[in-house]
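Asker: Okay, here's the structure, questions in a sec.
The values are calculated or read from the model by the stated rules, or taken from the named source; none is laboratory data. This is a predicted model, so every value here is computed, not measured. Using ideal geometry, Cβ is built from the backbone for each residue, glycine included, and neighbour counts are taken over all protein chains shown.
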Amino acid sequence: MSTEQDSRSDGSGSLTTGLKRVVVASMAGTVVEWYEFFLYATAATLVFNKIFFAEGMSEANGLIAALLTYAVGFVARPLGGVVFGHFGDKYGRKKLLQFAILLVGAVTFLMGCLPTYAQIGVWAPILLVLLRFLQGFAVGGEWGGAVLLVAEHSPDKQRAFWASWPQAAVPVGNMLATVVLLVLTGTLSDESFLSWGWRVAFWLSAVVVLVGYYIRTKVTDAPIFLEAQQEVERVKAVSYGVFEVLKRYPRGVFTAMGLRFAENIMYYLVVTFSIVYLKTHVGADTGDILWWLLAAHAVHFLVIPQVGRLSDRFGRRPVYIVGAILASTWGFFAFPMMNTGDYLLIMAAVILGLMIHALMYAPQPAIMAEMFPTRMRYSGVSLGYQVTSIVAGSLAPAIATWLLDKFDSWVPIALYLAGAAAITLVAALFNRETNGLDLKTLDAADREQLAKAGVV
């Protein structure tokens, strides 16, 4: 029996072992990779601005410099998405996912070994940027493969729900990073944490990498991919990869970018910039901030699959449109809530931010998988998803920090997010509804296009 057959749901909606194994494998690797990616995000705002840059730099400039090294990872992600997408469409999702997890694990471990600016001078930030680039490259290849492995195994009418689970793995990875940092900051003095304690969190990546890699060895590519692979081998004129997807499906790529824009900016304003804002503007304690984020990530994890279920029931567009509209409002009520200094209001602001984010984030894998045929799906979703990160999430914390420093007000930041939300709203309005789509119909339509063009 094939994995596709194993993946069929019975009358109660439960799924057999085949699909569940795929979901766990995708989530395991995603947890590992985002534990490491977000560990860097938190460390950039708490540690790196103090130990990897020249002494005498102002606090604001140190934060901006640290956040710009953070942005380097996002610049590398599209390159990773292109490379991994090309070879993932050629050789399969599984092989590339195994390589991605090993690469990001090795890089993160090496980050924990880096000397400080006081020890080697300017080489410290240079090496940090280099490792950050490699980390981003690996993560850029991770997302597309992880979500497609699930999406291509999922039943048509439940695709958004099951493909949302790798998305739910992101807050799990973030929670792990937050817990580790909480333990370290709670048991060590500030001096010890800045000296060596933060390194332990990075070294622990070696353990979780091995676990994630092992789980990923136990799955196979979906039957629909294997069929498409055979077709490409049979008809040598049929191509794949980033140039082919831009040539054949430019609308899908640019729509995916538009859908991604506000979601990506909002996420990093909530989970990264909020640390900066609460620390420097509100004067909150680091330990308290980490606890608030931990609670918010836990809620985020619980909400994402439920939003995926809503997307299967009511459609991808309505859910996404509501998310974009609500995203435009978040800054206008969240920052005043944070300014109160009240623990409950601060936590509520962050939690509401991630709940709104989930309305856009959960349906993404299904929407993007349903835009492209199988032979170039990895390239298409990776390109649409990762390229946007350069102008969206990568710069969002640095832009917000600069706006706060220049205007000493949260209003420009709220307007910045509202403008991004308007772009995403337009993309959602013009995107076609694909709820319940059989992925094989995309492959059939693709073959018809190729036949008309005289390629096959």
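Asker: Counting just the residues of the stretch 306-328 that are surrounded by fewer than 20 Cβ atoms within 10 Å (Cβ to Cβ) and within 14 Å of HIS357 (Cβ to Cβ), which one comes out nearest to the chain's Cα centre (by Cα)?
Answerer: Per the stated criteria, the residue is GLN306.
Asker: I'm trying to understand the selection: among the residues of the stretch 409-456, which are modelled with pLDDT of 90 or more and assigned to a loop (DSSP other than H, G, I, E, B)?
Answerer: Correct list: SER409, TRP410, ASN431, ARG432, GLU433, THR434, ASN435, GLY436, LEU437, ASP438.
Asker: Oh, and also: Considering only the stretch 44-95, how many residues are outside any helix (DSSP H, G or I) and either farther than 23 Å from LEU130 by Cβ or modelled with pLDDT of 80 or more (or both)?
Answerer: 3
Asker: Which condition number does ALA284 fail, the rest of (1) assigned to a helix (DSSP H, G or I); (2) in contact (Cβ under 8 Å) with a residue 12 or more places away in the chain being met?
Answerer: Every listed condition holds for ALA284 apart from (1).
Asker: May I pose another question? Does GLN98 satisfy the criteria of being assigned to a helix (DSSP H, G or I) and more than 21 Å from the chain's Cα centre (by Cα)?
Answerer: The answer is no for GLN98.
Asker: Considering the stretch 117-136 alone, what residues qualify as being surrounded by fewer than 18 Cβ atoms within 10 Å (Cβ to Cβ) and of a type in the set (S, T, N, Q)?
Answerer: Of everything in the stretch 117-136, just one residue is surrounded by fewer than 18 Cβ atoms within 10 Å (Cβ to Cβ) and of a type in the set (S, T, N, Q), namely GLN119.
Asker: Right, something else. For the stretch 437-446, indicate whether the set of residues that are of a type outside the set (A, V, I, L, M), under 26 Å from PRO318 (Cβ atoms) and buried (at least 16 other Cβ atoms within 10 Å of the Cβ) is non-empty.
Answerer: no
Asker: While we're looking at this one, here's another question. Scan the stretch 362-400 for residues that are at pLDDT 90 or above and in a helix (DSSP H, G or I) and jot them down.
Answerer: GLN364, PRO365, ALA366, ILE367, MET368, ALA369, ALA396, ILE399, ALA400 - these are the residues of the stretch 362-400 that are at pLDDT 90 or above and in a helix (DSSP H, G or I).
Asker: While we're looking at this one, here's another question. Here's a check for you: in the stretch 227-257, which residue that is surrounded by 12 or more Cβ atoms within 10 Å (Cβ to Cβ), of a type in the set (S, T, N, Q) and in a helix (DSSP H, G or I) is modelled with the highest pLDDT?
Answerer: THR255
Asker: Among the residues of the stretch 141-184 satisfying the criterion of being in a helix (DSSP H, G or I) and of a type in the set (Asp, Glu), which is surrounded by the fewest Cβ atoms within 10 Å (Cβ to Cβ)?
Answerer: Only one residue fits best here, namely ASP156.
Asker: I'd like the full set of residues that are free of Cβ contacts under 8 Å to residues at least 24 places away in the same chain and either in a helix (DSSP H, G or I) or within 15 Å of GLY105 (Cβ to Cβ) (or both), limited to the stretch 185-209. If you could, list the steps in order and put the result at the bottom.
Answerer: From the stretch 185-209, those free of Cβ contacts under 8 Å to residues at least 24 places away in the same chain are 187-192, 195-197, 207; that's our starting set.
Across the stretch 185-209, the qualifying residues are THR187, ASP190, GLU191, SER192, SER195, TRP196, GLY197, VAL207.
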